[in-house]
Amino acid sequence: MRIQLATTKLVLSVLLLGGCAAYDNQSTQNTTFKSAFADDFLIGTAVSERQVMTNEKTRAFVAEQFSALTAENSMKWESLQPQEGEFNWRVADELVAFSEAHGIHVTGHTLLWHQQVPEWVFEGADGEPASRSLLLNRLRQHIHSVIGRYKGRIPSWDVVNEALNEDGSMRESQWYKLIGPDYLVHAFKFAHEADPEAKLYYNDYNLFKPEKRNGAVKLVRDIQQAGAPVHGIGLQAHYGVGYPEDLTQIEDSIIAFGELGEVLITELDVSVLPFPDEEQQGADISLNMALSDQLNPYVDGVPEQDLKKFNDHYVSLFKIFLDHKDKISRVTFWGVDDAQSWRNNWPMSGRTDYPLLVDRKQVLKPVTETIFSLAQ
Ligand code: 9MR
């Protein structure tokens, strides 16, 4: 009778899950991310305001698991200086204090980006676009205020984010249009003046693409030759199952960037969901498509076949990262767990994605055992 009941329960669960693997993994993992990679590179995560300010469970989890932290949003320009000269340090201060209490390395993200910059930054007093000198002055002020506040406490900064187009040419952002192509040289010089000890990085997505890789190499070399220090290049690594198709391209970029300084994997995630337009994969946040059931197929769990692809992709990526640990100083996931990942809301909001190695209940996924064993 008991056996019959158990069998009925099993059949029912299989039927209910529709052949899907539940995301409620029962990992018996005792090793943490930070202990697994302690001899290889820093292993980090990005935290949201809610997680760092109020969510005690997540704070404890992050302190236990990770050796590096990035603020997902709370150090962007619009968060720190929404109005000219009016700074809001609340969340950033808390994040730095939390990191210090637990001996976690912090990376400031990000000083200059074409997104999340308040409109006043690009406006002159007369309502016209800001002049080159006004904008450079504002950039200097912002960088000095932000880096200055955390001097000696935040050891590394994403100074410029996403300055390149997919073909490796320079993005014609407001920074580019109003200052000119040398805006990057100034940004890195200001950052270096503000804290000569800080490590300064250029950070972008889709840097595995050969054209974009070449663009980044040229860009960084030009800045370095102009006398401004760039200590490393961050590959954001917003990937998907089967994206990129050819992982040797990632490896080629790691090797090319290793010639110029440190290599960092700064925003790692692997979406399992279908991507509507192959051409637009990456992380362009201006993309916003309509939600459809067809594009949100795994609300109740990931089918075995896709779970296998996801696991294989992550294992292959970590093999590459470990093979190049002499060049890679940090690998950071973009988010703590699947529930809170930005991938649930990009390129359309309201999907259920599973892009991280930590599930919705903050349990490490079973594939972490394989990944950790690669580091032994
Ligand atoms: O994950 C971040 C999301 O919560 C924000 O809404 C968005 C806009 O600020 O930025 C996301 O993080 C981006 C990062 O700062 C830069 N690279 C791409 C990331 C994903 O869009």
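The values are calculated or read from the model by the stated rules, or taken from the named source; none is laboratory data. All values derive from a computational prediction rather than experimental measurement. Quick reminder, even Gly has a Cβ in these numbers, built from the backbone with ideal geometry, and neighbours come from all protein chains shown.
The one condition from (1) within 16 Å of the ligand (Cβ to nearest atom); (2) of a type in the set (A, V, I, L, M, F, W, C); (3) at pLDDT below 95; (4) over 19 Å from Arg213 (Cβ atoms) that Phe333 does not meet is (3). Within segment 118-128, if we keep just the residues that are surrounded by 14 or more Cβ atoms within 10 Å (Cβ to Cβ) and away from the ligand (no atom under 16 Å from the Cβ), the residue that is nearest to Ala198 (Cα to Cα) turns out to be Phe122. Flag: Ser341 matches the condition of being surrounded by 14 or more Cβ atoms within 10 Å (Cβ to Cβ) and polar (S, T, N, Q). Leu178 meets the stated requirement of being in a helix (DSSP H, G or I), in contact with a helix residue (DSSP H, G or I) (Cβ under 8 Å, 6 or more places away or on another chain) and surrounded by fewer than 20 Cβ atoms within 10 Å (Cβ to Cβ). Taking segment 24-76 as the range and being out of contact with any strand residue (DSSP E or B) (no Cβ under 8 Å at 6 or more places or on another chain), touching a residue at least 12 places away in the same chain (Cβ under 8 Å), of a type in the set (S, T, N, Q) and within 16 Å of the ligand (Cβ to nearest atom) as the test, the residues that pass are Ser48, Gln51, Asn73, Ser74.
One residue stands out among those in segment 167-220 that are in contact with a strand residue (DSSP E or B) (Cβ under 7 Å, 6 or more places away or on another chain), away from the ligand (no atom under 16 Å from the Cβ) and of a type in the set (Phe, Trp, Tyr): the one that is nearest to Lys151 (Cα to Cα), which is Phe188.
Of all residues in segment 106-117, those that are within 12 Å of the ligand (Cβ to nearest atom) have Cβ atoms under 8 Å from Cβ atoms of residues that are at pLDDT below 95, 6 or more apart or on another chain, in Gln115/Ile285; Gln115/Ser286.
Could you tell me whether any residue of segment 271-282 is acidic (Asp, Glu), buried (at least 16 other Cβ atoms within 10 Å of the Cβ) and on the phi < 0 side of the Ramachandran plot? No, every residue in segment 271-282 fails to be acidic (Asp, Glu), buried (at least 16 other Cβ atoms within 10 Å of the Cβ) and on the phi < 0 side of the Ramachandran plot.
His142: crowded, with 18+ Cβ neighbours inside 10 Å, of a type outside the set (S, T, N, Q), touching a residue at least 60 places away in the same chain (Cβ under 8 Å) and more than 16 Å from the ligand (Cβ to nearest atom), yes or no? Taking the combined requirement at face value, the residue satisfies it.
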